[in-house]
Structure formats: C-alpha cells, structure tokens
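The values are calculated or read from the model by the stated rules, or taken from the named source; none is laboratory data. Everything quoted here is computed from the prediction, not taken from an experiment. Reconstructed Cβ throughout: ideal geometry from the backbone, glycine too, with neighbour counts over all protein chains shown.
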Amino acid sequence: MYMYDYSFTLCLFLPYTMINPQLMEVYSSSPALERYFNSVTINNLQDTTAQFKLQFMMPLEHEELIHYTLSLKMVKNVLLQHLYDRDAGDPFYIIPTSTTKYKINTFLFH
C-alpha cells in the first residue's frame, strides 16, 4: 500500500474550526480522489495562514495509476477547482492563488 502525504499552505478567511471539515468535504466528494482520500490534518495556523497535510492511500498493484491520479498536480487542482467555484462573498472563502505546496512524502507499506 502506498501512502501519500501532501502538505500545503494557504491564506484563508474562515474560522479554524471550519478548515478541517471544508477540506474533508473537498476530497471526500472528489470523483477522482474520494476512494483514495484518507485524512486531513491541520499542522499550523497563524493569523490567516494555515498549513495542512492531506493523506491518500492506494494499493501497490496500481503503481502506474499513482503517478497520475495521486500526482501533486491532480491533488492541488481538485482543491483549486473547488476554491474557484466558491463565491468571493462566501463567509468561508479561501483565496485560490494563496495555495502553495511545500512538501510531499510517499510511504510504502508491504
């Protein structure tokens, strides 16, 4: 089993308690990623900036699919599409261009 951890930083205008549920909703409802999504963890929150980790898991026998389905580009674009679809007047608005990556970890389980 492969486990992928993606860490992101973003600027937001929503209460801390709403970050985790919002991110859970994005990835657990994504047709491309929902079956591989495992968890989200908020690592750091300062003022309007949050650092969070997304965790995905995929069986080993799908090694080629991993490079496309769980690529950083795919994971980030699912979040960006969700953010661009939101209304700027939404009380839980996140600035789409504020999302940046800073770390990716891959773990292999036998």
> Of all residues in the range 49-84, which are under 11 Å from the mean Cα position of the chain (by Cα), polar (S, T, N, Q) and under 13 Å from Phe37 (Cα atoms)?
Replying inline: Gln55
> Across the range 13-44, which residue is modelled with the lowest pLDDT among those that are part of a strand (DSSP E or B) and touching a Leu at 6+ places or on another chain (Cβ under 9 Å)?
Replying inline: Ile42
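Do we have any residue at all in the range 90-107 that's among the acidic types (Asp, Glu), within 14 Å of Gln22 (Cβ to Cβ) and at pLDDT below 75? Give the steps one after another, and end with the answer.
Narrowing the range 90-107 to residues among the acidic types (Asp, Glu): 90.
Then keep just the ones that are within 14 Å of Gln22 (Cβ to Cβ); that gives 90.
Now restrict to residues that are at pLDDT below 75: 90.
Yes; the residues of the range 90-107 include at least one that is among the acidic types (Asp, Glu), within 14 Å of Gln22 (Cβ to Cβ) and at pLDDT below 75.
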> Only one of these conditions is not met by Ser28: (1) touching a residue at least 24 places away in the same chain (Cβ under 8 Å); (2) closer than 16 Å to Leu80 by Cα. Which number is it?
Replying inline: (1)
